[in-house]
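What follows is a short report on a single structure.
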Amino acid sequence: MTAADLSPRIAELAQQIDPQQLAANARNAELAKALGGGTTVQELRELYARGRVWWHGGGARMAEQRDLTIPGLYGPVAARLYKPVAAAGLPVFVFLHGGGYRIGFPAANDREMREIAARWGGAVLSIDYVHVPEHVFPDAVLETAAVFEWLGAHASALGLDPDRIAFGGASAGGSVSMGAAIELRGRRPDVLKAGCLLYTCLDDTLDDESMRLFGKGEFFLTRDYCGQIFGSYVPDPAMRDDPRAFAAKLDDFAGLPPLFVASAEFDPLRDGASRFAAKLAAAGHPHRIKVYPKVLHAFFGYSRMMDRANELIGDVAAFLSGAVGRW
């Protein structure tokens, strides 16, 4: 199908975007305009952090919420711990933020982390990871695998249950976390008990249907941008088939825990998630996949305004409860 053939279909789909998604996009644009622009990577990171503040408003209150650092391969790893109850032995969900492998920070989804913890009844540990351009694949994967392993040995000191650790993340963070789980399974398959991947970069394919339909600019992410971030994260073409970089390249799921794969209907990355889930199904690996209708990439971060984001939060909480229990 040619670009001309696709144009009417793209225009039709653009009219179907969830009104709450459009309102959230408009609010985000207002916030970005008020903050002004940036050119350097550091400026963009700072602007993103400031732009996320409004989205943190409201939501559940925690019994304990604190920042900490974890020993890392390339220096201390920043983290934020959320505990909904003042109790020891809580199961924990280790979450990695999105941001195109380039920007983001542990509190980027502060409201969403608190909501997951409250609805689930377990702790959430949101962690940072090294970004491009300072680091490229596999640095973030190796660092995150080391954090998972460290947590398996030190969870009790944080009031967490070392036998009930789940992992996951959004977009690039989901990609890094899944890569770390693959890295870790060979030597410590007992550490991770469940995974939640939210509109995650699971494949570097740029020519599937979702890329063609939703990658032209009307639906937030573009195909060109996806190509850029894939190339900046894995600049060595010889490493593009490494499943730790793009988990849809994986064929053997032994040693991995049950997985929840969530995607947005109008996301260029949607079909990569579907291919990954199809492989899980063919292998008989325990998993759940859900496509959230009429929403765009990154909708999870708009829970202050979007029902679909809160639906995803509830689904993550339910999956974690079933996989690792709750307090």
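Taking the condition of being part of a helix (DSSP H, G or I) and among the aromatic types (Phe, Trp, Tyr), how many residues in the range 131-161 meet it?
2
Can you tell which of 128, 139 is closer than 24 Å to residue 183 by Cα, in contact with a Phe, Trp or Tyr (Cβ under 9 Å, 6 or more places away or on another chain), surrounded by fewer than 19 Cβ atoms within 10 Å (Cβ to Cβ) and modelled with pLDDT of 95 or more?
The conditions single out 139.
When you scan the range 28-48, how many residues do you find that are charged (D, E, K, R) and under 22 Å from the mean Cα position of the chain (by Cα)?
2
For the range 69-97, give me each residue that is part of a strand (DSSP E or B), in contact (Cβ under 8 Å) with a residue 24 or more places away in the chain and farther than 12 Å from residue 155 by Cα.
Passing the criteria: 73, 77, 78, 79, 80, 82, 83, 95, 96.
Would you mind telling me which numbered condition in (1) surrounded by fewer than 16 Cβ atoms within 10 Å (Cβ to Cβ); (2) part of a helix (DSSP H, G or I); (3) of a type outside the set (Asp, Glu); (4) touching a residue at least 40 places away in the same chain (Cβ under 8 Å) residue 16 fails?
(2)
Name the residues in the range 35-61 that are in a helix (DSSP H, G or I), of a type outside the set (Phe, Trp, Tyr) and either touching an Asp or Glu at 6+ places or on another chain (Cβ under 6 Å) or farther than 23 Å from residue 132 by Cβ (or both), would you?
Correct list: 56 only.
As an exercise: evaluate residue 206 against (1) more than 19 Å from the chain's Cα centre (by Cα); (2) within 30 Å of residue 63 (Cβ to Cβ) and give the number of the one condition it does not meet.
Evaluating residue 206 over (1) more than 19 Å from the chain's Cα centre (by Cα); (2) within 30 Å of residue 63 (Cβ to Cβ) leaves (2) as the failure.
Is one or more of the residues making up the range 280-295 in contact (Cβ under 8 Å) with a residue 24 or more places away in the chain, surrounded by 24 or more Cβ atoms within 10 Å (Cβ to Cβ) and out of contact with any Ser or Thr (no Cβ under 8 Å at 6 or more places or on another chain)?
Yes, some residue in the range 280-295 is in contact (Cβ under 8 Å) with a residue 24 or more places away in the chain, surrounded by 24 or more Cβ atoms within 10 Å (Cβ to Cβ) and out of contact with any Ser or Thr (no Cβ under 8 Å at 6 or more places or on another chain).
Which members of the range 221-257 meet the condition of being surrounded by fewer than 21 Cβ atoms within 10 Å (Cβ to Cβ), among the aromatic types (Phe, Trp, Tyr) and part of a loop (DSSP other than H, G, I, E, B)?
Result: 253, single match.
Check residue 101 against each of (1) aromatic (Phe, Trp, Tyr); (2) touching a Gly at 6+ places or on another chain (Cβ under 7 Å); (3) within 20 Å of residue 47 (Cα to Cα) and name the one condition it does not meet.
It is condition (2) that residue 101 fails.
Would you please name the residue that is nearest to residue 73 (Cα to Cα), looking only at residues in the range 98-130 that are assigned to a loop (DSSP other than H, G, I, E, B) and over 14 Å from the mean Cα position of the chain (by Cα)?
The extreme case among them is 130.
The values are calculated or read from the model by the stated rules, or taken from the named source; none is laboratory data. Being a predicted model, the structure only gives us computed values, none of them experimental. In this analysis, Cβ positions are derived from the backbone assuming ideal geometry, glycine residues included, and neighbour counts consider all displayed protein chains.
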